[in-house]
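**Q** Encoded as structure tokens, here's the structure I'll be asking about.
The values are calculated or read from the model by the stated rules, or taken from the named source; none is laboratory data. Being a predicted model, the structure only gives us computed values, none of them experimental. When we count neighbours, we look across all protein chains shown, and the Cβ atoms used for this are built from the backbone with ideal geometry, even at glycine. To get the accessible areas, we keep the full protein, side chains included, count just its heavy atoms, and leave off ligands, DNA and RNA. Shrake-Rupley method; radii C 1.70, N 1.55, O 1.52, S 1.80 Å.
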Amino acid sequence: MSSPKLWAGRFSQETDAAVHDFNASLRIDSRLWPYDVRGSIAHVIMLGDCGIIGVDEADQIRQGLQDLAADLESGKATLPPDAEDVHMAVETLLTQRLGPVAGKLHTARSRNDQVATDIRLYVKDAAGSIAQRIIGVQEVLCSLADQHKDVILPGMTHLQHAQPVRLAHHLLAYFWMLARDEDRLHDAFLRADVLPLGSGALAGTTFAIDRRKVADLLGFSEISRNSLDAVSDRDFLLETTACLAILMMHLSRLCEELILWNSSEFGWIVMGDNVTTGSSIMPQKKNPDVAELVRGKTGRVYGNLTQLLTMMKGLPLAYNKDLQEDKESFFDTVDTAIACLDAVGLLLKNTTFRVERMAASMRGDYSTATDLADHLVRQGLPFRQAHEVVGNLVKTCEQRGGGLEDLTSADLLKASLLFTGAEIGALTDPAQSANTRRTPGGTGREAVEAQSDQAREHLSNARQRLERIHARPNKEPAGADA
Ligand code: ARG
């Protein structure tokens, strides 16, 4: 049977075993124990400093918590599996070690402000590790872009050959998607960086606590302004989940392209044997499972976002037990994002580009039609008319078979005298087509080089910002390493 309930005072009957199991969350929230201990250490230091409990008692509890953390870490101690939740589990272990003085830890605190604090600490750490991994994938994209500066492939609209682009340009498109993800995550981090502890169950506390001190010890920038809001707010989980849903959408798009490019129809990439998997029946198969799984797992994160939003929508102030359902999906979201970022990084590092296949795919694909039209515009023809002229040339090619590059000077001059002196070879050269798109953000060589510099600069700023955040004591509160 379960250990005696820490709240059993007013009850004369034991909790039904089925109700205990239904109510319990330890299976899910046990991973919060390091944050729970950290929060308790800060709280108890403050209680001692403010004279709410004796300094020696505070010290004894702090020491007990530190020893407990070390033993949980090493596996010498384990959370009692029959505890209701992680907070009760930690307190139960502490009580076993220290006796009644452990009961002073929960002075001026409730599990409601405690759990909100624990998950905010968790979110802040998780945001950091995810940001680190986003930056890692961005680095891979940057170096692949550097290695393929002059590789040209057909850029697509409607999944049809549209205009030639640089492979580096294509890869860097994903870089900027991830840059927004990292930035959004930072923004979510800032709103998670608020201490709810000190809100009590819902109304604050009768003890003269020092919330600012606890915030400083735990590395929170601010303290919450409204206790009712503080114990029932889960916006920070919603925001982080929304950021990660968008991140997953980006990874999924990237993986979708890798899957397409890996198909025998495209044949634009080869995924390494170390990142692909075989079939149990078809001996020839080498499947892009990693990319497919990332695409597939995106759905769970969208589902998790919907679950959280739905869980929140009907809650009256302040804490309701519904909120206990916030963790399972959130942990899944974090685990999924981390696993997918790691997988995508590995997959990209072990992918080679078949540049000759990319080049071959542009033969006869009409992807330089706009360049022909632009040539006529430079000779003074209004763009709409130029569009029509080149459209007719495409029709000719289609009827005859062959691409724009196969047109003769006679064909061109028949279409428009403004083609006089034009070099069909140059006009239909994919590299030239790409290189002449010199506008900032375009696919020309200099433009892509400038973009790549911007990407590197962006990365170094992002890295510095992340280091600044991790330099703050949210990793280890003062006293935890004493
Ligand atoms: N396990 C609970 C949760 O995750 C902790 C807070 C419990 N509060 C309460 N009033 N029963 O939300």
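**Q** Give me, ordered by chain and number, the residues 5 or more places off Ser25 or on other chains with an amide H under 5 Å from its own placed amide H.
**A** So Ser25 has HN proximity to Asp85.
**Q** Using a 10 Å cut-off on Cβ atoms, rank the peptides 358-369, 432-443, 388-399 from the highest mean neighbour count down.
**A** Final packing ranking: 358-369, 432-443, 388-399.
**Q** Calculate, for Asp342 and Asp16, the FRET efficiency according to 1/(1 + (r/R0)^6) with r their C-beta to C-beta distance and R0 45 Å; round to the nearest 0.05.
**A** Here the calculated transfer efficiency is 0.55.
**Q** Can you give the Kirkwood hydrodynamic radius of region 220-313 from its Cα pairs, in Å with one decimal?
**A** Taking the inverse mean of 1/r over all distinct Cα pairs, region 220-313 comes out at 16.3 Å.
**Q** Moving to a separate point now. Count the DSSP beta bridges whose two residues both fall in the chain, then state the antiparallel fraction as a percent rounded to the nearest 5.
**A** Given both bridge residues lie in the chain, the antiparallel proportion sits at roughly 85 percent.
**Q** How many nm separate the modelled label positions at Glu356 and Thr107, each set 7 Å beyond the Cα in the direction of the Cβ?
**A** Each label point is offset 7 Å from its Cα along the Cβ direction, giving 7.9 nm.
**Q** For the chain, what is the accessible area per residue in Å², given a 1.4 Å probe and the full set of protein chains?
**A** 47 Å²
**Q** Report in % the part of the accessible area of the chain that belongs to carbon and sulfur, leaving out ligands and nucleic acids; probe 1.4 Å.
**A** Values: 11930 of 22550 Å².
For the chain, the apolar C and S fraction of the accessible surface comes to 53 percent.
**Q** Just reorder Cys50, Cys255 by solvent-accessible area, largest first, 1.4 Å probe, all chains present.
**A** On the way: Cys50 50, Cys255 0 Å².
Ranked list, largest accessible area first: Cys50, Cys255.
**Q** At what distance in nm do the modelled label points of Lys395 and Glu328 sit from each other, each positioned 7 Å from its Cα along Cα→Cβ?
**A** Result: 6.3 nm between the two label points.
**Q** Can you give the helix-only mean residue ellipticity at 222 nm for the chain, where every DSSP H stretch with n ≥ 4 adds -39500 (n - 2.57) and the sum goes over all residues, rounded to the nearest 500 deg cm²/dmol?
**A** So the calculated ellipticity at 222 nm is -20000 deg cm²/dmol.
**Q** Enter the mean projected area of the convex hull around the alpha-carbon atoms of the chain, in nm², rounded to one decimal.
**A** In nm², the orientation-averaged hull projection of the chain is 30.5.
**Q** Can you list residues from other chains, or at least 5 along the same chain, whose modelled amide H is less than 5 Å from the amide H of Leu195?
**A** Long-range HN contacts for Leu195: Glu222, Ile223, Ser224.
**Q** What do you get for the angle between helix 33-49 and the principal long axis of the chain? Use alpha-carbon atoms, 0 to 90 degrees, nearest ten.
**A** 50 degrees
**Q** List, in the order given, every pair from Lys327/Lys349; Lys76/Lys104; Lys149/Lys414; Lys149/Lys297; Lys124/Lys213; Lys5/Lys321 whose Cα-Cα distance in the structure shown is over 27 Å.
**A** Correct reply: Lys327/Lys349; Lys149/Lys414; Lys149/Lys297.
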